[in-house]
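Novice: Mind looking over this structure? Questions follow.
Nothing in this text is a laboratory measurement; each read-out follows from the coordinates by a stated rule. Computed from a predicted structure; not experimentally measured. We place every Cβ from the backbone using ideal geometry, glycine too, and count neighbours over all the protein chains shown.
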């Protein structure tokens, strides 16, 4: 599975994967980017979702869309959600593309790398030398400073601050308003609680909370 992809641009024809709250946010971004929305896929139809329901993911695979049809990830919480990576792998192996999305109100350095299905939302900053892995979310007003690596399927929640040189491994979640100080490593499958301040590297498969953050699970 190739990791790199061009971001969504005006006029791109897009199918949205997901029909929940995060998908609504992504749909709004796509509309403001000037993309053409074909519709969305989900396990079941959302009664008030504001674009056409195309069926389940399997229906999409069997429906005769071009093999290079562009999809955008709209599956969000619970975070981290392993289904995001499963879906990306499932569709890219079938030939679909999965470009990342940068909201019009985000600031992303020209040399930052965004991999497949990543999303940077309004007010967020991704600084020079940073890399967002497959399926990453940098949510509203979050900041990822210089030379950070955010692993596959990790989520930086609204208002979080990731200082320079931080490494966040795969499948981790940094809660709203949390801060990770320079040079720290957040291990894989780790949850940082909202408002926490992480001053030292964490252990995998754990949860941290407080200022300074301590392991609570």
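Novice: Equivalent-ellipsoid semi-axes (√(5λ), Cα gyration tensor) for region 13-101, whole Å, largest first?
Specialist: 17, 15, 14
Novice: At what distance in nm do the modelled label points of residue 206 and residue 109 sit from each other, each positioned 7 Å from its Cα along Cα→Cβ?
Specialist: My value for the distance between the label points is 2.9 nm.
Novice: Subtract the Cα-Cα distance of residue 146 and residue 13 from 0.36 nm times their separation in residues, and report this length gain in nm to one decimal.
Specialist: Answer, rounded to one decimal: 44.7 nm.
Novice: May I pose another question? With axes computed from alpha carbons, what is the tilt in degrees of helix 21-33 against the longest principal axis of the chain, rounded to the nearest 10 within 0 to 90?
Specialist: 70
Novice: Further question on the same structure: Quote the FRET efficiency, to the nearest 0.05, computed for residue 194 versus residue 94 with a Förster distance R0 of 45 Å and r equal to the Cβ-Cβ distance.
Specialist: 0.75
Novice: At 222 nm, what helix-only mean residue ellipticity would the chain give, in deg cm²/dmol to the nearest 500, using -39500 (n - 2.57) for each DSSP H run of four or more?
Specialist: -4000 deg cm²/dmol
Novice: Something else about it: Can you give the % of DSSP beta bridges in the chain that are antiparallel, to the nearest 5?
Specialist: Counting DSSP beta bridges with both partners in the chain, the antiparallel share is about 5 percent.
Novice: Can you tell me the order of 51-63, 128-140, 188-200 when each peptide is scored by its average per-residue count of other Cβ atoms within 10 angstrom, highest first?
Specialist: 128-140, 188-200, 51-63
Novice: Output the 0 to 90 degree angle, nearest 10, between the alpha-carbon long axis of helix 83-93 and the longest principal axis computed from the alpha carbons of the chain.
Specialist: The angle comes out near 50 degrees.
Novice: Sort region 104-174 into rounded, prolate or oblate with this rule: let a ≥ b ≥ c be the square roots of the eigenvalues of the Cα gyration tensor; rounded if a/c is under 1.5, and if a/c is not under 1.5, prolate when a/b is larger than b/c, oblate otherwise.
Specialist: It comes out rounded by the Cα gyration axes.
Novice: With a Cα-only, solvent-free Debye model of the chain, what are the log10 I(q)/I(0) values at q = 0.16, 0.18 Å⁻¹?
Specialist: -0.99, -1.20
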